[in-house]
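The structure appears right after this line, and notes come after that.
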Amino acid sequence: MAEMSEKTAIAQNVQETHVLEIRGLRAGVETKQGRKEILKGVDLTVRTGEIHAIMGPNGSGKSTLAYTLTGHPKYEVESGTVLLDGTDILALKPYERARLGLFLSMQAPVEVPGVSMTNFLRTAVTEVQGSAPSLREWVGELDEAMRRLRMDPRFANRSVNEGFSGGEKKRSEILQLELLKPKFALFDEIDSGLDIDALRIVAEGINRAEKADHFGAMLITHYTRILRYVKPDFVHVFADGRFVRTGGPELADELEQTGYDRYLPQGKSESALA
Amino acid sequence: MGKMVSEDEEAAVRARMPHYDSADPYKLPALMPSSADRSIRSFDPDDFPAPGHRSDEWRYAPIDRLDDFFHPFTPSGLTEVSAAFEDGTPVAGPVRFGRADAGSCPAGSVGKPVDKASAVQWQASAGAGRIWWLDVTGSCDQPVIVRLAGHGDGLDAVHLVVTVADDARADIVIDHTGQASLAEGIEIRTGARSHVNLSSIQEWQKGSRHLGSQRIEVGRGAELQHNVISLSGSVVRLRMDPDFAGPDGFLNMLGIYFADPGSYMEHRTMVVHNHPSCRSRVIYKGALDGTGARSAWVGNALILPTAPKTDSYELNRNLVLSPGAVANSEPQLEIENGAIVGAGHASSVGRFDDEQLFYLESRGIGVDQARKLVVRGFFADLIGQIGVPGVEKQLMDTIDRRLARGESSDMARILEED
């Protein structure tokens, strides 16, 4: 709780606060067997400066929530609203949502052959800021951000995510986070496939960016491991398409002990779903 | 038969010969029916059947737009053929270039014409003395550019012979530009242990037609990187027939094409492994944009009984950027030798990758910009493998100009005019 009051103090120092409100969100995908509902009424409010851990079993819809919020074409919204400072973003294209300040760190970042990281990053920053950063400032900022993430400088000339190791991909996501400075960031299993050193570097990056840019974070994870490095203000349990329980950091410890089985529909267990 | 043999003796000989068993074709791969036995090779056009939509050879091509290529003709001479080093200085030293008589250069010795169009082209070129010879006798430190500049629609024929000496290193670029209807034959022979990078670039003006046949022989222990880049023209159909002069050769074929509405791009890579321990790689990738854009790739790797330890692979990928474009892809393999290292093929025709686009869009990059980045990346990835910096720059400039066309109608008009 000491952690939380410290954050609140920081929040008061920042002039702008923003709010992301998810209300009654229902969404699903079209399958061969017909429509499949995955999000079954999601409600959540996130303010800048807050870190929300979203935990739940495999297949509960955590990633779908991340993709639906950022506008992936595969997911269709049935009902509900998502307001960013009062603007309903569900009607917006993915790039419009990004320009409003939404960022998704993907579980499996996509390779884009032939597009260099520098070209990609500069294009993205230009689009999100609305103007091209001056070349000198840009090069300095990029070098510095890469140095902090302990990334090889040659990395900038490689194609986006192509041939990157799991750890490099995740660091590349954090690099983008630090350069794009969003208002709200979703991290979809940023901790998956990371060894302990890479996990620490990535977590440091999140904490540093949070401190500098004061975004609201939704940290989607299956395991409590990353929560040792990135301290959440709230922990939510997500099961069968909705939030079923909310608490403080202590809830993560409880989940570590008890698992997710009690939140699943009767007759199903985590191991059975996997 | 010079000596008389009795029927009994003949029967006895036949009984000792291995026989092809269709129920177990892989028992003796060397006995399998081979396209090498069926293929016609001749300098005489009359030896080839008339092209038709049903023939394997011509089934994808718009043959009604190519009829004049199949009948004997007198070349218009509208294609200007010249050569220089990349910096514009005349070729000198180990590089000789000039018009040649059929007798004074090895024209026709690398390979006979492989289809009706190439036999007609041979006749027309030889008859009008339209044969050129690029002879590289030693290593050169900058690329040699052979320019074929078209100056009109009249049907022309050009035959080019490229020879590279043993142990030489050379980058050679054959650059096709302008307005043309061109029947072209190219023969390429690389010396033992030579390293050659040869690119054939097609940047024709609208309405141009180009039928080409390239007969290629890779020297013993030599390495040939063969690049084909077809970016514009109404009909471009190029057939490559490479084989090897001895063991341990490496043939690396890279193909890049970009078809837009009304254009047809066909590439055939008919690799023959005739010597042991040779490697071949064929990577052909293209993008098609707009209704009526068409392409075809037909690849064959024929591994003869004489080529143990062959390692071959062929791949074709097509990126269809908008509805209404048609890409044909036909990989073939004929393996007549059981003792090979590998023979593989892969082929695909796909649309834009939604995941790539979403990734870029989720970073604030707009839809059009994201599509352009993906297409530019598709080409940049391939063009970066050519290995000749000047060529790579020229081609990326062309791609950027083509992508810019979509940006505003004013820009498009300016670009159409030049």
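The values are calculated or read from the model by the stated rules, or taken from the named source; none is laboratory data. Just so we're clear, the structure is a prediction, and the values are computed from it rather than from any experiment. Virtual Cβ from ideal backbone geometry, glycine too; neighbours counted across all protein chains shown. The accessibility values were calculated without ligands, DNA or RNA, using every heavy atom of the protein model including side chains. Shrake-Rupley method; radii C 1.70, N 1.55, O 1.52, S 1.80 Å.
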The stretch B:93-144, subset part of a loop (DSSP other than H, G, I, E, B) and among the acidic types (Asp, Glu), residue nearest to B:HIS71 (Cα to Cα): B:ASP115
Counted residues, the stretch B:340-367 - those being modelled with pLDDT under 90 and among the charged types (D, E, K, R): 3
Failed item in (1) crowded, with 24+ Cβ neighbours inside 10 Å; (2) more than 20 Å from B:ASP381 (Cβ to Cβ), with B:ARG220 passing the rest: (1)
Scan of the stretch A:101-128 for residues that are at the interface with another protein chain (Cβ under 9 Å from one of its Cβ atoms), open to solvent by 50 Å² or more (accessible area, probe 1.4 Å) and assigned to a helix (DSSP H, G or I), ordered by number: A:ASN119, A:GLU127
Residue within the stretch B:360-367 that is closer than 30 Å to B:MET253 by Cβ, within 10 Å of chain A (Cβ to nearest Cβ) and open to solvent by less than 50 Å² (accessible area, probe 1.4 Å) present: no
Residue among A:GLN257, A:GLN176, A:GLN266 that is at pLDDT 95 or above and polar (S, T, N, Q): A:GLN176
Residue under evaluation A:TYR223, criteria (1) under 29 Å from A:ALA27 (Cα atoms); (2) part of a loop (DSSP other than H, G, I, E, B); (3) open to solvent by less than 70 Å² (accessible area, probe 1.4 Å), criterion not met: (3)
Flag if B:GLU330 is open to solvent by less than 40 Å² (accessible area, probe 1.4 Å), under 22 Å from the mean Cα position of the chain (by Cα), within 30 Å of B:LYS309 (Cα to Cα) and touching a residue at least 40 places away in the same chain (Cβ under 8 Å): no
In the stretch A:152-186, residue nearest to the chain's Cα centre (by Cα) [restricted to those that are among the aromatic types (Phe, Trp, Tyr) and outside any loop (DSSP other than H, G, I, E, B)]: A:PHE184
Flag for B:ARG268 being open to solvent by 40 Å² or more (accessible area, probe 1.4 Å) and outside any loop (DSSP other than H, G, I, E, B): no
Members of the stretch B:373-397 found to be basic (Lys, Arg) and surrounded by fewer than 18 Cβ atoms within 10 Å (Cβ to Cβ), listed by number: B:LYS393
Residue in the stretch A:130-152 that is crowded, with 19+ Cβ neighbours inside 10 Å and at the interface with chain B (Cβ under 8 Å from one of its Cβ atoms) present: no
Residues that are open to solvent by 90 Å² or more (accessible area, probe 1.4 Å), over 41 Å from the mean Cα position of the chain (by Cα) and at pLDDT below 80, drawn from the stretch B:3-24: B:LYS3, B:MET4, B:ARG14, B:ARG16
Flag if B:THR306 is β-branched (Val, Ile, Thr) and more than 26 Å from B:HIS159 (Cα to Cα): yes
